1. For residues that are surrounded by fewer than 13 Cβ atoms within 10 Å (Cβ to Cβ) and among the small types (Gly, Ala, Ser), scanning just segment 251-295, find the one that is modelled with the highest pLDDT.
2. Listed residues LEU93, LEU78, LEU46; which is in the same structural domain as GLN178 (by TED's automatic domain parsing) and at pLDDT below 90?
3. From MET184, MET190, which residue is of a type outside the set (Lys, Arg) and surrounded by 18 or more Cβ atoms within 10 Å (Cβ to Cβ)?
4. Name the single residue, out of those in segment 328-344 being surrounded by 15 or more Cβ atoms within 10 Å (Cβ to Cβ) and aliphatic (A, V, I, L, M), that is nearest to ligand 2 (Cβ to nearest atom).
5. Tell me which residues, restricted to segment 117-157, are on the phi < 0 side of the Ramachandran plot and either free of Cβ contacts under 8 Å to residues at least 24 places away in the same chain or hydroxyl-bearing (Ser, Thr, Tyr) (or both).
6. Would you mind telling me which numbered condition in (1) of a type outside the set (Gly, Ala, Ser); (2) surrounded by 11 or more Cβ atoms within 10 Å (Cβ to Cβ); (3) in contact with an Asp or Glu (Cβ under 9 Å, 6 or more places away or on another chain) ILE74 fails?
7. Restricting to segment 310-348, count the residues that are within 10 Å of ligand 1 (Cβ to nearest atom) and touching a helix residue (DSSP H, G or I) at 6+ places or on another chain (Cβ under 6 Å).
8. Would you check if LEU179 is out of contact with any Gly (no Cβ under 9 Å at 6 or more places or on another chain), at pLDDT 90 or above and more than 16 Å from GLU97 (Cβ to Cβ)?
Amino acid sequence: MESFPFRTVEVLCLGTSITLSGLFYYIYRKKQKTVDKLNKAPQLSLDRNLANILNATPGKCLQYVIVEGNVQPIKEPLRSQFQEGCVGVVQKLVLREHKLVWNSLARTWTDSERILHQRINTVPFNLVGSDEAAVRVLCPLEASGLNMEVVHEKFHQASYSFTDIIGQYLSGEKPKGQLETEEMVKVGTMLTGVGELFLDTDHTLKLRPPTDGSEFFLTPVDFETMRMQQEGQALLWRVLASVCAVAGVAVLLWVARRYYQHLQAEQVREQQRRDFERLSTIEDRDDDDEEVETVDNACVICLSSPRNCVVLDCGHVCCCFRCFQALPQPVCPMCRQPIKRVVPLYQA
Ligand SMILES: [Zn+2]
Ligand SMILES: [Zn+2]
C-alpha cells in the first residue's frame, strides 16, 4: 500500500490552529490568573489608619492590594504645552504622520500612520485619600490601564504644489499631514491603583509593581469596572482559544475522512488486481493455441499482451491491465478521457 499523502494546506491549517489555540489558551490562563488575584485582593481605604495596618503587617508590606485616591504631585506638576492652566503628573506628546500609500494589490490608496516623535514626562506623585493620607506611586509607566486624557489634538494639513502631486503619483505616497497630540494624567484625577503596598523606612506609604510578577494597574476607572474589563478580556481569549481548537479538530476530521476514502480506493484497486490476476492465469493457459489471435488483439501500449480491460466512462478496450497500472495519469490512452473505473474483460 502506498503511503497516505498529507496535503501542505492541511498540515498548515492544523499547525496554525494548534499553535494559535495554544497561544490564546496561554494568554487566557494568564488573564484568568490576574482576574483571580484581583478578586482576592483586599480593597483598602486610603486614610491615616492605613499606615498602622502596614506597621502591624510582617515585613511592612502587602503583596497585592487595591487603593483609590486623587492624583497630587509631590513637587511641581508638569504644565501642558498647549493648554493654559492644565497641569498633570504624566505627560505624553506624540507627533504622528498620516499618509496615503498606493496599494498595488488592491489598486487603491490606503491609510498609513507612523509615529515621528514621542516623548513621555513624569513627575513623582501621590494618591491622596481622605484626611490627607497619601500613597506615593512608583514606576507609573509600568502600569497597565493608564489611559490618559487627551488635552490637545491638532491636525496639520499637508499642502503641496502641482509638481508635488505628480511626484506623489510616481512614488505612490501622498502625505496627508501630521497629527499632534498631548495626553495627560491631570492633577486631581481619581486613580485606582493595584499593586504592592509597603511602608518605607521614611514612614511613607508606597505603591509599586508587585515583586511576584503580578500585573500592576493604575487606571482612571473604578475597581469594579476594571475587574469587569479584565474578566471580559479573559473570556475573549478563552473564546478565541476554543474557536482555534474546534478548527483544529475539524481539520483532523477532514483528514480522517480523506484517509478513509483513500483506504476504500486502495481496496477497490486491490480487488481489480486480483480479478486481473485470475484472468491472466486463464489466458496464459489459452495462449499456447491462440498465438495469432492474441497478436491481432494486442494492447496498444505494449503490443504483446491481449487487451483485457475496459476503461470507463469512455468504454475503450485498448490496453492490458499491466499497462493500465503503469499509466502515468488515469486517462484513457486512446481518447484522453479521465478513467473513473476499470473493469476486467472476460472472453468466453
Ligand atoms: Zn499492454
Ligand atoms: Zn477512451
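1. The residue in question is ALA256.
2. Working: LEU93 fails: at pLDDT below 90; LEU78 fails: at pLDDT below 90.
Every option except LEU46 fails the conditions.
3. Values: MET190 fails: surrounded by 18 or more Cβ atoms within 10 Å (Cβ to Cβ).
Within the list MET184, MET190, the selection yields MET184.
4. Ranking the qualifying residues of segment 328-344, first place goes to ILE339.
5. THR122, SER130, SER144, GLN157
6. (3)
7. So the count comes out to 1.
8. Numbers: out of contact with any Gly (no Cβ under 9 Å at 6 or more places or on another chain): yes; at pLDDT 90 or above: yes; more than 16 Å from GLU97 (Cβ to Cβ): no.
When the stated conditions are applied, LEU179 does not pass them.
The values are calculated or read from the model by the stated rules, or taken from the named source; none is laboratory data. The model shown is predicted, which means the values in this text are computed figures rather than measured ones. Ideal geometry is used to build each Cβ from the backbone, glycine not excepted, and the neighbour counts take in all protein chains shown.
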